[in-house]
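> One structure follows; several queries about it will come next.
Since every read-out is calculated from the coordinates, none of them should be taken as a lab result. Since this is a predicted model, take the numbers as computed values, not measurements. Virtual Cβ from ideal backbone geometry, glycine too; neighbours counted across all protein chains shown.
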Amino acid sequence: MIAGMYLHPWDLFDDGPKVVFDNIVDRAGLNSVNLATTYHGGPPFRGGFFLPHNLKRRLYIPEAGVVYFKPHLELYRNTRLKPILSRQLSGFDALGVATEEAERRGVSVSSWTICSRNERLAAENPEFATENIFGLRDPTWLCPNNPDAREYLLALLEDITSNYRVDGLELESLGFGTVMPPPRGLVVDRIVGRLLTLCFCEACRRAARDAGYDWEAMAGAAKAIMKVYLDLEPEVWDAISRGAFSTPSFTEIERQVEGLSRFEEFQSETILQCLKDVRDRIRRSRRKVKIAFPMDLSLPLKRLQGIVDNFMISPQGPQQLKHQAAILRFIVPWAGIQVGFNLLPGTYNLSPGIVDALKSEGVDTINFYNYGNAHQKCFDAIKMALEPIRPLIKR
Ligand SMILES: [Zn+2]
């Protein structure tokens, strides 16, 4: 079993590899580090990270959309987007430091990579960002259908996997989305929230037409549903915003409007293709690199065989873990299960019951979120909690 811990580069920068790996490997008894190699931050990110045991500071506010390794720029020759090094950490090569220390200690490193979400590159290069239903470019999100944005992501992942000793890739925020707060004054329920993540850019229009979709029907359907909301009385907006009654889900509405379900399908196909491209590109690495992706049931997961190795879940307890594992075994019996444990106050989910379930459900990988935010005592608590499955956690 891979048993790792999420690590932000600023903690490695401040504490140094010896202290960090002593805590993760010796004290917590883990055999892997899941390092953020790209990370989000900046507006509209709220607040920073409270660091209870960091040797240099108590609070860190990360920069938006920078990388924490030394990029090989020749790999980015086919995209106009170029990686930007962290200025706050003086271009610190966290991945280089982590992989060297990991090799010395015989433990593995996974690259936790933020993909389409990028508040820096999207804000500075709106032509590569998603275009929302109101025709505005989203300053927080790169469109996965945009050729420069797609190639940037592929180059980034090739760079990480072929130039560093990395055994896994955890892909976060790959696809369509936004981290913009809802527009002030607009009533946003589940339907409108999802409508705000549809992309209407020229690259999407072209990709949809090339794949045989009727773009006008899809875009028209989405805008027609939006208009239903815009035409509601202000009293209704007010009641929805107060949660006075529940409105249908996006899936329920999508079933009623063919254009909308085709739009949803087109976006799923884009994500599938993007993941296939990632798998093809990282084949250039000499190592076998495992890809972990969220258990996103809006995607046809079966079709990710040979592409994604592990699906990630974050169960609240053993019962939910067993339920999610059963669903995954039913849909994708070939896939590994990756369980996330949360160490943030108010979200602890580590218990003797869940540790038993890791064994009975044959969980492949576990990861604790995260090194910097955890209390010091968590390292000892993890080691003790994992004692019953210690023989499974090999170096
Ligand atoms: Zn687009």
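> What share of the DSSP beta bridges in the chain is antiparallel, in percent to the nearest 5?
Values: 7 of 41 bridges.
Of those bridges, close to 15 percent are antiparallel.
> At 7 Å along Cα-to-Cβ for each site, give me the label-to-label distance between SER351 and GLN88 in nm.
Roughly 3.5 nm, to one decimal.
> Helix 376-385: angle to the longest alpha-carbon principal axis of the chain, degrees 0 to 90, nearest 10?
On a 0 to 90 degree scale, this one is about 80.
> Sort ASP159, ASP277, ASP380, ASP11 so the one with the fewest other Cβ atoms within 10 Å of its own Cβ comes first. Working shown, then result.
Details: ASP159 22, ASP277 17, ASP380 13, ASP11 28.
Starting with the residue having the fewest Cβ neighbours, the order is ASP380, ASP277, ASP159, ASP11.
> Which of PHE263, PHE200, PHE134, PHE245 has the fewest other C-beta atoms within 10 Å, and how do the rest follow up to the most? Please list the in-between numbers first.
Working: PHE263 26, PHE200 20, PHE134 11, PHE245 8.
Listing PHE263, PHE200, PHE134, PHE245 from fewest to most nearby Cβ atoms yields PHE245, PHE134, PHE200, PHE263.
> Binning at 5 angstrom from zero up to the longest distance, how are the C-alpha pair distances of region 51-109 distributed in percent?
4, 15, 16, 19, 22, 13, 6, 4, 0
> Nearest 10 degrees is fine. How inclined is helix 147-163 to the longest principal axis of the chain, computing both from alpha carbons?
Around 10 degrees separate the two axes.
> If amide hydrogens are placed 1.01 Å from N in the peptide plane, which non-local residues have theirs closer than 5 Å to the one on ALA3?
ASN31, SER32, ILE366
> Rounded to a whole number of µm²/s, how large is the Stokes-Einstein D of the chain at 4 °C and 1.567 mPa s, given Rh as the Kirkwood radius over C-alpha pairs?
Values: Rh = 22.2 Å.
Reported coefficient: 58 µm²/s.
> As I understand it, the value is the acute angle between the Cα axis of helix 9-21 and the longest principal axis of the Cα atoms of the chain; what does it come to in degrees, rounded to 10?
30
> Given labels modelled 7 Å from the Cα in the Cβ direction, how far is it in nm from LEU55 to ALA217?
Calculated label separation equals 6.3 nm.
> By how many nm would the segment from GLU100 to GLN319 grow when fully extended, if each residue of separation counts as 0.36 nm and the alpha-carbon distance is taken off? Mind showing how you got there, number by number?
On the way: separation 219, 0.36 × 219 = 78.84 nm, distance 3.86 nm.
Computed gain between GLU100 and GLN319 is 75.0 nm.
> What whole-number distance in Å separates the alpha-carbon centres of region 1-52 and region 321-363?
22
> Still on this model: I need the peptides 110-116, 297-303, 218-224 ranked by packing, meaning the mean over residues of other C-beta atoms within 10 angstrom, with the highest value on top. Don't skip to the answer; put the middle values down first.
Working: 110-116: 24.3, 297-303: 14.3, 218-224: 18.1.
Per-residue mean Cβ counts within 10 Å order the peptides as 110-116, 218-224, 297-303.
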